[in-house]
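Read the figures in this text as sums done on the coordinates, not as results from a lab. Remember, predicted model here, so these are calculated numbers, not experimental data. Cβ: placed from backbone, ideal geometry, glycine included. Neighbour counts: every protein chain shown.
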Amino acid sequence: MTTSTTASVSTHVLDTSVGRPARGVTVRIAARRGSSGDWQPLGGSATDADGRCKDLPALPEGTTRVRLDFEVEAYFGTAAQNQADAQQDAPANRDSGAGAFFPEVTVTFAVDPGEHYHVPLLLNPFGYSVYRGS
């Protein structure tokens with residue numbers, strides 16, 4: 001629940017190499033106060049069939065910075081290939097070699113109290129993009 005003293009965060013992951021949500025990506029969240037405080041791990045979740053994490057832990061009061069850690073290596077190692085194989089319109093060979101070029105993606109951003117931040121990750125084996133969604 002968002003109050004005047006806390007921000008909230010949501011995310012989802014889309015695999016642009018197959019044009020589908022990325023299922024089974026582990027996402028961890030951490031928070032801190034100020035730009036130089038210690039990171040406080042809050043827990044994590046995994047993306048569902050729609051590529052969304054619907055149960056990320058709430059942010060503590062006074063949070064000003066948030067870090068999302070996406071573990072994508074395992075996704076590209078097995079889950080994404082299984083997903084691609086099951087889709088007739090997906091590329092048969094991603095030419096991804098041994099897996100993802102970026103095995104982990106870390107996104108750090110500033111938050112203001114009372115605001116909601118939706119941070120989508122657009123992912124493929126050789127790159128990624130993030131943005132503040134709505």
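Some observations on this one:
- Built amide H within the under 5 Å cut-off of Val25, gap 5+: Thr47
- In segment 10-48, the trypsin sites (Lys or Arg not before Pro) that fall in loop regions by DSSP, at most 14 other Cβ within 10 Å: Arg33
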